[in-house]
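Coordinate-derived values only; no laboratory data. This structure is a prediction, so every number in the text was calculated from the model and none was measured. Virtual Cβ from ideal backbone geometry, glycine too; neighbours counted across all protein chains shown.
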Ligand code: ZN
Ligand code: ZN
Ligand code: FE
């Protein structure tokens, strides 16, 4: 035995189970080096429950070891807990890293994909390095994780790298504890690892300098499909109007903003205004698309984001991106899919985009174990406002304020993601998409299976929306699950945000979104709830208007404008302000609205934004969800502080007076920038007043803001500020998007609260 400090203190053997994100981040070599430095003997291994360390030493030595484990852990590791057990000394005579165990509960956390680190960028750009120009360079601090993992514990045979045998030099690095690539599971080089190929539409391949070929194509205005981490991107020169125009036409995406990848921060600053916080997000290991304000006079094509003054910018996050962007930048990089279908991730699906959309492709032979789109966020004040939480964040767990059985939250219909829980951890899936698309629904079902298997979770409770026609609801009800829990859509929104903030007591929940089914069978979407995780009361809501044609009105804001105008003004005004609706259609719609034929009443806030946007002629028909509101926000003059009139009439928050004033302002020739700003100010004031009246009745001061309408950071800012001035504590989402991507975790939180 080795009492290394020579004292007479008793030697004991302790076993530590370190839980958290500790696999695939260089944790074992870190433990090894620390143990050797502290002259402790024993071993370390990965297990499905985390990293297990056995060390022998004095109490002082082992305490020092634990302390330094916590304070000096590798950059991408995050320790959730360290539990310890004491044994009699075994008599270890050295420290070693031993084989992984693969049985037992799988509680080890799987890491998200991590953007290429600085050291690896140096390797690929250094002409003297053996990885110079190699597009799959990675190390324990960076590289693919979630997108290549097929099982846990995270070891090479359980990744999509298993078919590549490491060459001698890679093996040496992999086995050398002093090396940056020690046990880096995707370790590879040009000699032994995956390679890239340039693929023409006719199936011909070019293996010679594929990235140079791709850059050449892009320079000529062609569209390339490029295989990335979680799927294919479609890309083209971000300064070339013709190329972008063609991409939009072929992808059937006429107006929705396209993300742009820039070579480096300096290049982003030529086109965008950048704060320190935004820069931090762009350079973070998750490398999300970060929505920034565009600078005037930048060189990007105006077709990138025709509806906004914003640019969704991101940096290269794989060596392949770095190598390509060093040849041509900036590039449009959008998900490789058609319209609402899931992202294309393997060569069998490639024909869906290569040919119909892309003129050529860069493919590689490292399989993508699971699809994962890029994440999108903005910086709002000092926190993140996610638009889409996917690559780089998934499958990191979100801590819930309670624990219980394994729950599956199936989510909503649009922007679906689902959620699995274990104890007090929620695992929210990557972006799945719009389930009404057949391929997205298949993806949804497969991913539920896949993630349940990966995490070894068999849900005993399945939570779903009230809406019987959502495919996520049908999935929950048609699969013979033991326990199902129906959760009202807006309650789920509020519950998700409460769970993010660890709130359990009753709050005022403001849920403003497009549409969700209410418990009274009507369409909700502008709701003030008094809620905790178990239940809610609907205590105020927006005044209801007919939604002619139901769902059809969603793509046609002018229909909602007609409904608002017929109610608040008159036919002649409606006809004047909505020249896009022809006589016949107008007559039919008017009848539908007055008779209530196929025109359900809705209290949706999203539809209010649609109506105003169409009245102003800002957006009369939409090609993507939220377009009318996005345009309306973009035209607002944020220096305008005045507001319109509104009524708080019993349960209903009534913006009718505002609609009538807007009609007068339009007639007076008031600018839309001013009207839009006053509209936003009024909605914020309405929220403030409704909360005030609820607080007066119930003596509450915590307000939750959730729902897709709060993706509008202008409104979110106005409402938060107003509520804070009124003395409320205001909470908005910072871990999940406020849109329906948060629904699954909200459902799970409600189900847990009800079952425990
Ligand atoms: Zn690296
Ligand atoms: Zn190699
Ligand atoms: Fe919603």
Completion exercise
For residue 693 and residue 208, extending 7 Å from Cα along the Cα-Cβ vector and measuring point to point gives, in nm, a value of 7.6
Problem - Size-normalised alpha-carbon gyration radius of the chain, reference 2.2 N^0.38 Å - result: 1.01
Handout entry: Stokes-Einstein D (µm²/s) once Rh is taken as the Kirkwood radius of the stretch 196-376 over alpha-carbon pairs, at 20 °C in 1.002 mPa s
Key = 132
Practice task
First measure r as the distance between the Cβ atoms of residue 72 and residue 478, then evaluate 1/(1 + (r/R0)^6) with R0 = 51 Å and state the FRET efficiency to the nearest 0.05.
Solution key: 0.50
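Sorted by packing (mean other beta-carbon atoms within 10 Å per residue), highest first, where do 541-553, 242-254, 361-373 land?
Result, highest mean first: 361-373, 541-553, 242-254.
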Handout entry: In degrees, nearest ten, helix 489-501 long axis to first principal axis of the chain (Cα)
Key = 40
Problem - Whole-percent pair-distance distribution, where bins are 5 Å wide, for the alpha carbons of the stretch 126-284 - result: 1, 7, 12, 15, 16, 16, 14, 10, 5, 2, 0
Exercise for the section: Compute the distance in nm between two label points, each set 7 Å from the Cα along the Cα-to-Cβ direction, one at residue 242 and one at residue 219. Expected result: 1.6
Practice task
Please give the peptides 487-493, 592-598 ranked by average Cβ packing (other Cβ atoms within 10 Å per residue), highest first, as a rough proxy for protection.
Solution key: 487-493, 592-598
Exercise for the section: Provide the packing ranking of 136-149, 695-708, i.e. peptides ordered by the mean count of other C-beta atoms within 10 Å per residue, highest first. Expected result: 136-149, 695-708
Handout entry: Nearest-ten-degree value, helix 210-219 long axis tilted from longest Cα axis of the chain
Key = 20
Fill in the blank from the handout: With a Förster distance of 45 angstrom and the Cβ-Cβ distance between residue 584 and residue 642, calculated FRET efficiency to the nearest 0.05 equals 0.70
Problem - Whether the stretch 540-731 is rounded, prolate or oblate, judged on the alpha carbon gyration tensor where a/c under 1.5 counts as rounded - result: prolate
Fill in the blank from the handout: From fewest to most C-beta neighbours within 10 Å, the residues 38, 529, 648 line up as 648, 38, 529
Handout entry: Anisotropy class of the stretch 127-212 from Cα gyration tensor, a/c 1.5 cut
Key = oblate
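Could you calculate the FRET efficiency of residue 729 with residue 621 from 1/(1 + (r/R0)^6), where r is the beta carbon distance between them and R0 is 30 Å, rounded to 0.05?
Approximately 0.15, to the nearest 0.05.
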Completion exercise
With the 8 Å Cα cutoff and a minimum separation of six or more residues, the chain has a relative contact order in percent of 11
Exercise for the section: Take every Cα-Cα distance within the stretch 12-97, group them into 10 Å bins from 0 onward, and report for each bin the whole-number percent of pairs it holds. Expected result: 19, 59, 22, 1
